[in-house]
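Reviewing the structure listed below.
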Amino acid sequence: MKEKIEKYLEEIATFRADSVDTLEQFRIKFLSKKGLIPELFEGMKTVAAENRKDFGALLNEVKNAAQNKVNELKELIDSSSTSQQVFADATLPVDFLTIGSRHPISLVKNEIISIFSKIGFVVAEGPEIEDDWHNFSALNFPPDHPARDMQDTFFIEKNPDIALRTHTSSVQIRVMESQKPPIRALFPGRVFRNEAISARAHCIFHQVEGLYVDKNVSFADLKQTLLYFAREMFSPETKIRLRPSYFPFTEPSAEMDISCNICGGKGCNICKYSGWVEILGCGMVDPSVLKNCGIDPEVYSGFAFGMGIERTTLLKYNINDIRLYFENDIRFLRQFTSAY
Ligand code: DAH
């Protein structure tokens, strides 16, 4: 019996196979129910009790050797057959690489820029660390305005004149100070507010500001420009409405609502069953703001508007939690792979 086992071990160790068929024959010969190894196990009964332990160990050794051989050769045959296929047909497609995607905030920002660029708006940028003049004073914020409070604004320690900009309206001032009308520009960028982070609020978010200054710019121009934007951004059926509001730097000021893009105006929890959702603030540039920038309000007039990109993205893609934009969860980001 021992001799038989040694012969099997030898045969297993030297066995080679280059096809699935020869390997299968080997497996049947040794390991199938009626194969040589189960037959050996059957023979255990005839072995004297005191030798059984050693014999059992030996049997396990043959069994494992045969099983390992089958696994090893199977893997070898599988891998060489795929490489043979590839060499046989060099036109077979390669494995796909996972392609990254743009962040939804960038997608929407680029879309806003592209919509306004069709009607002559150009992009300008300003610093994220601003002084009081550009972020507040030149925009007509009174000294006791709550936005100037430490509660709402991130100031630089020991210098109350320097803060992280709280809105992109500061870029209006920089552009009007350095350029002569006509000005037709768009200012996208990050803004910062001292807010507790929740599903609805974040301390960092993005805005796009628009500014148009020329002779004879009217509120009708503002309204038509925004209607054009809303229809391009959401759908040709989108309606807008302007509600009177207040901002220190525009007079008159308004907030614009669009018919809810999520439910088509029928009413849902995004629009709180009103059919309308707020999307931006706007108005005619206050004459004293023009004056602060060296532009004569007797000659020129202008309009401005500002919108949050997170909010616009929410309305476009129905995203219900602002924190998702910042978590970099690949399952969220992958949903925008095909957007462009
Ligand atoms: N700066 C305002 C904010 O952050 C948004 C805004 C409102 C911008 C009216 C404008 C405007 O240009 O005319 O809430």
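The values are calculated or read from the model by the stated rules, or taken from the named source; none is laboratory data. Only a predicted model underlies this, so the values are computations on that prediction, with no experimental measurement involved. So basically every Cβ, Gly included, is an ideal-geometry build from the backbone, and we count neighbours across all protein chains shown. Surface areas here come from the heavy atoms of the whole protein model, side chains and all, with no ligands, DNA or RNA. Shrake-Rupley method; radii C 1.70, N 1.55, O 1.52, S 1.80 Å.
The mean sequence distance of close C-alpha pairs (under 8 Å, at least 6 residues apart), as a share of the length of region 59-196, puts its relative contact order at 25 percent. The accessible area of ASP144, taken with all protein chains in place and a 1.4 Å probe, comes to roughly 120 Å². For region 215-231, 3J(HN,Hα) computed residue by residue from phi via the Karplus equation (6.51, -1.76, 1.60; θ = phi - 60°) reads 6, 6, 7, 10, 5, 4, 4, 4, 4, 5, 4, 6, 5, 4, 4, 4, 6 Hz, glycine and proline entered as x.
Summarising the amide proton neighbourhood of VAL191: residues at separation of 5 or more, or on other chains, whose placed amide H is nearer than 5 Å comprise PHE205, HIS206, GLN207. Residues VAL108, VAL94, sorted by accessible area with the largest first, give VAL94, VAL108 [1.4 Å probe; ligands and nucleic acids excluded].
For GLY275, neighbours were defined as the other residues whose beta-carbon sits under 11 Å from its Cβ, and their charges (Lys and Arg +1, Asp and Glu -1) total +3. Along region 35-43 the Karplus relation, 6.51 cos²θ - 1.76 cosθ + 1.60 evaluated at θ = phi - 60°, assigns HN-Hα couplings of x, 5, 6, x, 4, 4, 4, 4, x Hz to successive residues, with x for each Gly and Pro. Backbone phi angles across region 4-14, fed through the Karplus curve with coefficients 6.51, -1.76 and 1.60 (θ = phi - 60°), yield HN-Hα couplings of 4, 4, 5, 5, 4, 4, 4, 5, 5, 5, 8 Hz in residue order; Gly and Pro are listed as x. Could you please report the charge total around GLU327, scoring K, R as +1 and D, E as -1 over all other residues with beta-carbon less than 15 angstrom from its beta-carbon? For residues surrounding GLU327, the net value is 0.
Averaging the sequence gap over all C-alpha pairs within less than 8 Å and six or more residues apart, then dividing by the number of residues, gives region 131-268 a relative contact order of 17 percent. Each residue, LYS180 and VAL94, gets one label point 7 Å from its Cα in the Cβ direction; the gap between the two is 5.6 nm. When you restrict to C-alpha pairs under 8 Å that are six or more residues apart and normalise by the size of region 104-333, the relative contact order lands at 21 percent. Going by the alpha-carbon gyration tensor, a ≥ b ≥ c the square roots of its eigenvalues, is region 44-180 rounded (a/c under 1.5) or, if a/c is not under 1.5, prolate (a/b greater than b/c) versus oblate? Oblate shape, in that a/c is at least 1.5 and b/c is the bigger or equal ratio. Of ARG190, ARG16, ARG241, the residue with the greatest mean-square motion in the GNM of the chain, using alpha carbon springs below 10 Å, is ARG16.
Summing charges over neighbours of ASP144, with a neighbour being any other residue whose Cβ is under 14 Å away from its Cβ, gives -2 when K and R count +1 and D and E count -1. Cα centroids of region 187-239 and region 105-147: 10 Å apart. With an a/c value of 1.5 or above and a/b not larger than b/c for the gyration tensor axes a ≥ b ≥ c computed over the alpha-carbon atoms, region 104-333 is described as oblate.
Would you kindly state how much longer the chain becomes between GLU125 and GLU24 on full extension, computed as 0.36 nm times their sequence separation minus their alpha carbon distance, in nm to one decimal?
Roughly 29.3 nm would be gained on extension.
Pairing the Cα long axis of helix 104-117 with the longest principal axis of the chain, what angle in degrees results, from 0 to 90 and rounded to the nearest 10? Long axis of 104-117 versus the principal axis of the chain: about 40 degrees. Cβ distances below 4.7 Å define possible disulfide partners, and in the chain the cysteines left without one are CYS203, CYS282, CYS293. Placing GLU255, GLU157, GLU232 in order of accessible area, with the largest value first and a 1.4 Å probe, yields GLU157, GLU232, GLU255.
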